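What follows is a single structure, written as structure tokens, with notes after it.
The values are calculated or read from the model by the stated rules, or taken from the named source; none is laboratory data. Just so it is clear, the structure is predicted and the values come from calculations on it, not from any experiment. Every residue, glycine as well, gets a Cβ built from its backbone with ideal geometry; the counts of neighbours run over all protein chains shown.
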Amino acid sequence: MADPITIVGAVASIVQLIDFGTRVLVRLNEYRSKNEELPDAFVHISRQLPLLQQVLKNTKVGIDDHVISLEDVQAIKSCLVGCHDQMKKLDGILKNILPDAQEGTMKSITKGFRSLWKESDVRKIDKEIESYANILTFYCAWSSSKLDPRNNDMRARLKQWLAPPDPFSNLNKALKSRSVDTGKWYLQGKQYEAWKTTGHPYTWLYGSAGSGKTILSAGIVDDLQTFCRDDPARSLAIFFFDFNDVDKQDALKMVKSLISQFLDKCPGIPDALQAAYAACDDGRRQPSEHQLLTALKRTLEHLPAPFVVLDALDECNAREDLFDVLQQIRSWDKSSVRMLATSRREIDIEEGLEKLIPAGSTIPLESHLVDGDIRTYVHERLSSDTGFRRWQTDQPMQEEIEMTLGRKACGMFRWAACQLDVLAKCVTRGKVRRALQDLPKTLDETYARILQQIDEGENTEEALKILRWLAYAERPLMADELLEVTGIVIDEAHTRFDEDEVLEDPRDILRICSSLVSITSGSDGANESDEADDETANSRDASMSGPQQEWESTPDIRREIAELPSPLHAASHQGLEDAVSAILDHGNAKVNSQWAGEGTALQAASAEGHEKVAEMLLAKGADVNAQGGFYGNALQAALAGGHEKVAEMLLAKDADVNAQGGDYGNALQAASAEGHEKVAEMLLAKGADMNAQGGRYGNALQAASTEGHEKVVEILLAKGAEVVA
């Protein structure tokens with residue numbers, strides 16, 4: 001039930017503001033009528049005030065008709081107070097500098113000069129009033145859009161079409177590692193407060209490997225979620241780039257994620273996004289980069305105060321593309337987005353951001369700032385980690401560990417975490433003190449010791465299997481998957497799977513690989529009980545940390561990893577029906593994921609003529625019109641390979657006969673170049689454009705003529721193909 005006092009107060013403020021604006025306009029109009037023109041400072045504001053009055057009237061109608069909710073009315077109150085303050089300032093300036101008609105010439109001239117001195121103040125007021133008018137317009141539109149269920153249905157379809165990676169799994173993982181006080185030095189500082197409100201809209205936080213950048217990002221996101229929660233005019237979108245997940249290393253996947261998140265806060269659906277969806281056959285094809293960026297631009301223009309947090313820019317696999325996207329966002333005049341990014345300080349990142357972010361908004365995570373957070377982390381882990389139960393009643397021992405690690409961490413969270421892993425295994429005070437006296441100086445030295453211990457241990461072979469699979473995985477692997485990996489035996493005779501070699505307990509992965517591997521609960525919030533997560537039951541995500549990320553950060557290795565196919569792609573290309581069936585039945589295969597020149601798994605199967613595999617993929621939801629790869633789509637791939645039966649099956653599944661792109665430009669050109677008479681006739685019967693331009697040969701007629709397929713030439717000419725097309 002709405003609070004009547006809140007509503008009455010808001011309505012009264014609106015009526016007062018409308019009256020206030022009317023009096024100011026009357027004064028300005030009287031002066032204009034007697035003096036022919038207004039001082040320059042007041043020209044724009046005289047046009048802005050009628051717009052504000054109309055917005056205020058619309059807002060009052062929305063409140064009176066209960067379209068604007070109580071929550072929104074409470075949020076609007078601060079906006080109304082801001083409007084009132086600006087109008088009061090404007091009224092004071094008017095009295096001091098705008099001449100009365102009865103005043104003498106000299107006094108008018110004096111006030112005229114004074115108006116020049118106050119011009120910058122008036123322009124500031126004008127800008128503030130325009131901003132408040134935009135916010136009030138947003139509230140009216142936002143409240144109305146919530147009443148239209150069609151918007152919710154369309155939002156759901158658009159999100160399914162965009163299919164962005166989920167950044168909240170990274171956020172939740174980071175928040176679990178964060179102490180309540182972590183990052184207070186920044187979150188309670190002037191720089192952060194200025195960035196949130198009136199300061200420069202772009203900020204870059206940078207630090208070395210292991211300095212806790214992602215933990216700090218999570219704290220910032222947590223604070224911004226609270227900041228935005230009570231005011232629908234504020235909105236937040238986040239993205240965590242991630243070496244461990246190929247879907248989270250791409251700039252356009254980031255754009256899709258930002259659109260999807262901001263869409264929830266948009267009043268209505270942006271026209272550009274609906275147009276892109278329609279242009280892509282109502283979501284049957286993926287949008288182009290231009291369509292995505294246009295959609296993001298229009299989406300941001302609908303939002304008065306959007307915030308963006310981007311973590312780990314250094315884990316993006318195409319940084320030039322990323323910086324190009326960020327530069328475009330920065331250039332959008334109507335966007336009021338405030339963006340905060342974190343990364344390591346690397347040359348190409350620094351050069352890519354220098355045009356976006358001034359020096360005063362780049363903040364290094366220096367050790368003296370982070371060390372307090374590290375000491376808090378060490379203290380909490382000593383107090384709660386079961387590995388330190390033996391010392392939880394020994395205050396001097398705990399203090400010795402805290403002081404030593406705090407003094408030597410030098411701003412490296414990851415270094416401190418690795419040392420605690422080692423200390424947790426020390427069962428006597430003497431062993432703890434010897435370990436503290438022999439601490440590695442750097443993170444690299446820490447990893448070198450861990451690898452050396454693995455190499456000298458009894459489980460070296462299992463550790464190598466686990467680390468290899470983690471290093472080349474396109475996504476975080478499930479703990480159960482890694483257990484199965486240890487059963488794969490490769491020798492000179494043959495490769496086989498031996499159940500007797502399989503590890504039985506997921507915790508053995510941690511015992512064998514030490515601090516190099518972490519196991520975390522799934523994104524559904526499962527705790528240590530190994531409940532089901534989003535992808536598979538009775539398992540948890542395992543991902544590489546430490547040296548794998550260092551190793552994977554080199555451009556050559558990233559490029560090589562990106563060139564490796566997923567198991568589904570490899571099996572589809574080879575026509576391994578049993579393997580494809582097993583992967584699809586496993587439940588977490590991304591059937592529409594793209595890989596290098598082959599595009600999707602369906603395109604790979606179609607290009608090789610594996611009819612049964614293509615049928616299985618389609619049954620599991622493969623997009624028959626997905627764009628990408630050398631041939632552009634599955635239909636063109638099938639025709640390029642001469643596989644008419646596969647092409648006929650794809651056409652029966654409503655493959656787009658006029659989809660453009662790929663080596664041949666379109667399906668008809670591919671069929672014509674390969675001499676597939678029957679398929680060419682089928683394509684024409686389904687409406688294929690025989691004169692479409694593009695591709696290797698220019699058009700279908702030129703393709704058939706060049707390759708000497710006379711029958712196809714006759715078919716095309718009989719259908720009216722243009723000889724000079």
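Just wondering, is there one or more residues in region 350-369 that are outside any loop (DSSP other than H, G, I, E, B), within 30 Å of Arg429 (Cβ to Cβ) and modelled with pLDDT under 90? Yes, region 350-369 has at least one match. Residue check: is Arg47 more than 17 Å from Phe138 (Cα to Cα), in contact with an Asp or Glu (Cβ under 9 Å, 6 or more places away or on another chain) and at pLDDT 75 or above? Taking the combined requirement at face value, the residue does not satisfy it. Gly207 meets the stated requirement of being assigned by TED's automatic domain parsing to the domain that holds Leu300 and surrounded by 19 or more Cβ atoms within 10 Å (Cβ to Cβ). Take Lys711 and decide whether it is surrounded by fewer than 21 Cβ atoms within 10 Å (Cβ to Cβ), of a type in the set (D, E, K, R) and farther than 26 Å from Ala614 by Cβ. The answer is yes for Lys711.
From the list Met690, Met682, Met616, the lone residue that is more than 37 Å from the chain's Cα centre (by Cα), over 25 Å from Pro287 (Cα atoms) and among the hydrophobic types (A, V, I, L, M, F, W, C) is Met682. The residues of region 420-437 that are part of a helix (DSSP H, G or I), modelled with pLDDT of 90 or more and not charged (D, E, K, R), listed by number, are Leu420, Leu423, Gly430, Val432, Ala435, Leu436, Gln437. Note on region 389-419: among residues that are part of a helix (DSSP H, G or I) and among the β-branched types (Val, Ile, Thr), the one that is surrounded by the fewest Cβ atoms within 10 Å (Cβ to Cβ) is Thr404.
Hey, among the residues in region 202-226 that are more than 18 Å from the chain's Cα centre (by Cα) and touching a residue at least 60 places away in the same chain (Cβ under 8 Å), which one's nearest to Cys79 (Cα to Cα)? This residue is Tyr206. Whether any residue in region 427-435 is under 22 Å from Leu216 (Cα atoms) and surrounded by 19 or more Cβ atoms within 10 Å (Cβ to Cβ) is what I want to check. No: zero hits. Taken over region 457-475, the criterion of being out of contact with any helix residue (DSSP H, G or I) (no Cβ under 7 Å at 6 or more places or on another chain) and more than 16 Å from Ser515 (Cα to Cα) is satisfied by Glu458, Glu461, Ala473.
Among the conditions (1) over 30 Å from Ala278 (Cα atoms); (2) touching a residue at least 40 places away in the same chain (Cβ under 8 Å); (3) not acidic (Asp, Glu); (4) not in a loop (DSSP other than H, G, I, E, B), the only one that Trp161 does not satisfy is (1).
From the list Ala194, Ala272, which one is free of Cβ contacts under 8 Å to residues at least 24 places away in the same chain and either out of contact with any Cys (no Cβ under 8 Å at 6 or more places or on another chain) or not in a helix (DSSP H, G or I) (or both)?
Going through Ala194, Ala272 in turn, just one is free of Cβ contacts under 8 Å to residues at least 24 places away in the same chain and either out of contact with any Cys (no Cβ under 8 Å at 6 or more places or on another chain) or not in a helix (DSSP H, G or I) (or both): Ala194.
Scanning region 77-129 for residues that are at pLDDT below 75 and touching a Phe, Trp or Tyr at 6+ places or on another chain (Cβ under 7 Å) gives a single hit, Leu98. Looking only at region 297-321, residues that are assigned to a helix (DSSP H, G or I), at pLDDT below 95 and hydrophobic (A, V, I, L, M, F, W, C) come to 1 in all. Working carefully through the options Leu205, Leu175, find the one that is part of a strand (DSSP E or B) and touching a helix residue (DSSP H, G or I) at 6+ places or on another chain (Cβ under 7 Å). Just one listed residue meets the conditions, Leu205. Is at least one residue of region 335-342 outside the structural domain of Ser131 (by TED's automatic domain parsing), farther than 28 Å from Gln437 by Cβ and either in a helix (DSSP H, G or I) or at pLDDT below 90 (or both)? Scanning region 335-342, I find at least one residue that is outside the structural domain of Ser131 (by TED's automatic domain parsing), farther than 28 Å from Gln437 by Cβ and either in a helix (DSSP H, G or I) or at pLDDT below 90 (or both), so the answer is yes. Any chance region 228-245 includes a residue that's of a type in the set (S, T, N, Q), under 19 Å from the mean Cα position of the chain (by Cα) and assigned by TED's automatic domain parsing to the domain that holds Val337? Checked against the condition, which is being of a type in the set (S, T, N, Q), under 19 Å from the mean Cα position of the chain (by Cα) and assigned by TED's automatic domain parsing to the domain that holds Val337, region 228-245 yields at least one hit. Selection of region 683-707 for residues being crowded, with 20+ Cβ neighbours inside 10 Å and over 19 Å from Val723 (Cβ atoms) yields only Leu683.
For region 647-703, a tally of residues being among the polar types (S, T, N, Q) and touching an Asp or Glu at 6+ places or on another chain (Cβ under 7 Å) returns 2.
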